[in-house]
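Every number here is computed from the coordinates shown, using simple stated rules; none is lab data. These numbers were taken from a predicted model, which means no experiment stands behind them. Counting neighbours? That spans all protein chains shown, and the Cβs are built from the backbone with ideal geometry, glycine included.
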Amino acid sequence: MSVAAEPLTIIHDDTFTEHDLPGHPENAQRLHAIARHLESHPRLHGLSSRTATEADSEALLEVHSDAHLRTIERVSHSGGGWLDADTYCTAASYSVARLAAGAAVDAVDAVCRGVTEHAVALVRPPGHHATRERAMGFCLFNNAAVATRAAQRRFGLEKVAIVDIDVHHGNGTQDIFYDDASVLYCSLHQWPLYPGTGGVGERGQGAGAGATLNVPLPPGTGGEGWLAAFDDAVAPAVRAFRPGLLVVSAGYDGHRADPLAELRLETDTYAAVAHRLLGLAAETDARGTVWLLEGGYDLDALAESVGVTLTALAGAGTGGGTLKPPT
């Protein structure tokens, strides 16, 4: 007799808090805030959870150059430093970033093997700005890209869709898959804003022409307008593509409380888009969804928005584990 899959599995690890620079927007307090919120939430306290395993070099080299890996390793092992004006690296960052990428692979593995219907990896550092050759925008390795290639190479999925809901355009993810017809990359983001990419004319090239969809939105866009853009542009593209898996770059910095951007999304907006993505996965017969934490820099807004996302994904079910706050 087969065992029914868990509705949701959370992947987290205390080690993610070791990549830290107090005072920087992307610091360990982000995960502490999420964990405290989930620990105190009756419907989320008992969700199934697991720790992460480190990504092997093969998984990382599917999307990054060897030179890029060696740069992060060298800077980290020399005690850390700045990789660009925004992106720090500590003595722990190389191993932590490998663990974050590994958590993305673990999430794919759990969904593709039928252990869970949906997986959320609460990772740091984030990833969607990291290009094949460069760390930038707080990101060291591109977790969403690593997850996508793992789904294709290890589980034979022909097509994967990445939906990026971070307020910033995921230039790194776009760059990695820009000429690849097997990956649909969709991004809703504030425009203009860092990193300055993501115009509507950026649609892919070569074999990947048409497999990139950018939906730039002006500052001040609220939840209603943002969801309308999702419904009008992103949802039809995903339906037409019919991916075997949906990977979500789950940034929560479009929230009205976030200090780094100027969209006006509400906490409930994130619950609404989670329900929409669940519906798209069902409509397209995808194996499930994989969610990877990206941005979100107001601690309360981040924690509450992650909470409503998990509530939507979990539905009425709970698993057997308990999520503890990182120590």
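Seen from every direction in turn and averaged, the convex hull around the alpha carbons of segment 40-175 projects onto 9.1 nm². Given R0 = 30 Å, the distance between the Cβ atoms of D232 and D285 translates into a calculated FRET efficiency of 0.85. Label positions at D56 and R70, each projected 7 Å from the Cα along the C-beta direction, are separated by 2.2 nm.
Annotation: amide H-H contacts under 5 Å for H189 (H modelled 1.01 Å from N, sequence separation of 5 or more, or interchain): V215, L217. How much net charge surrounds L21 when only the other residues with a Cβ under 15 Å from the Cβ of L21 are counted, with Lys and Arg +1 and Asp and Glu -1? Result for the local shell: -3.
For segment 7-314, the relative contact order is 20 percent, taking Cα pairs closer than 8 Å that sit 6 or more residues apart in sequence and dividing their mean separation by the residue count.
Packing, as the average of other Cβ atoms within 10 Å across residues, places the peptides 27-33, 168-174 in the order 168-174, 27-33, highest first. What the phi angles of segment 123-132 give under the Karplus curve with 6.51, -1.76 and 1.60, with θ = phi - 60°, is a coupling list of 10, 9, x, x, x, 6, 8, 5, 8, 4 Hz, glycine and proline written as x. Here segment 192-327 is treated as an ellipsoid with the same Cα gyration tensor; its semi-axes, largest first and in whole Å, are 25, 21, 14. Apply the Debye scattering formula to segment 7-314, with a single equal point scatterer on each alpha-carbon and no solvent, then give log10 I(q)/I(0) at q = 0.07, 0.13, 0.14 Å⁻¹. Log10 of I(q)/I(0), two decimals: -0.22, -0.83, -0.98.
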